[in-house]
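Participant: The structure that follows is given in the form of structure tokens.
We did not get these values from a lab; they are worked out from the coordinates using the rules stated. Here the structure is a predicted model, which is why all the values come from computation and not from measurement. Every residue, glycine among them, receives a Cβ derived from its backbone with ideal geometry; neighbour counts consider all protein chains shown.
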Amino acid sequence: MLSRDDFIFTIGYDGPAAVVDKQAKKRYKSLSAAELAEKGQYRAACAAALWSKNPAELGAVLEIYNKNTNSAINPDISPERLFGVFLVDVSRSIFL
């Protein structure tokens with residue numbers, strides 16, 4: 001399984017390897033899911049919340065997203081689908 005930071009900043013997959021945004025990882029790796037959302041890093045925030053497996057964090061990310069974007073995304077909608085983030089079992093990373 002990928003590390004938390006590699007998972008959060010994965011931008012795609014190349015076969016069995018995750019492609020990780022090295023610049024974003026370096027800049028934002030110390031932030032929590034809510035802090036990432038406040039910085040406008042919604043996809044990374046959703047990934048961080050999924051990694052933690054804490055539904056409250058995922059709810060907080062959606063709340064911040066709705067507030068900052070003047071949206072009305074319903075919590076019943078799957079944030080995973082909204083942001084395109086799913087837990088995937090890969091063990092190798094490629095850094096760009």
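Participant: Pairing the Cα long axis of helix 55-69 with the longest principal axis of the chain, what angle in degrees results, from 0 to 90 and rounded to the nearest 10?
Facilitator: 70
Participant: If you fit an axis through the alpha-carbon atoms of helix 42-52 and take the longest principal axis of the Cα set of the chain, what angle between them do you get, 0 to 90°, nearest 10?
Facilitator: Compared with the principal axis, the helix lies near 80 degrees.
Participant: For the stretch 19-96, which trypsin sites (Lys or Arg not before Pro) are in a loop by DSSP, counting at most 16 other Cβ atoms within 10 Å?
Facilitator: Answer by residue number: Lys29, Lys39, Lys53.
Participant: For the chain, what is the percent of antiparallel DSSP beta bridges, rounded to the nearest 5?
Facilitator: Expressed as a percentage, antiparallel bridges in the chain total about 50.
Participant: Within 12 Å, Cβ to Cβ, of Lys29, how many net charges do the neighbouring residues add up to if Lys/Arg are +1 and Asp/Glu are -1?
Facilitator: Combined, the nearby Lys, Arg, Asp and Glu give +1.
Participant: Rounded, prolate or oblate for the stretch 49-96? Axes are the square roots of the Cα gyration tensor eigenvalues, ordered a ≥ b ≥ c, and the cut-off for rounded is a/c under 1.5.
Facilitator: Prolate.
Participant: Can you tell me the equivalent ellipsoid semi-axes for the chain? Use √(5λ) from the Cα gyration tensor, largest first, whole Å.
Facilitator: Largest first, the chain gives 23, 14, 11 Å.
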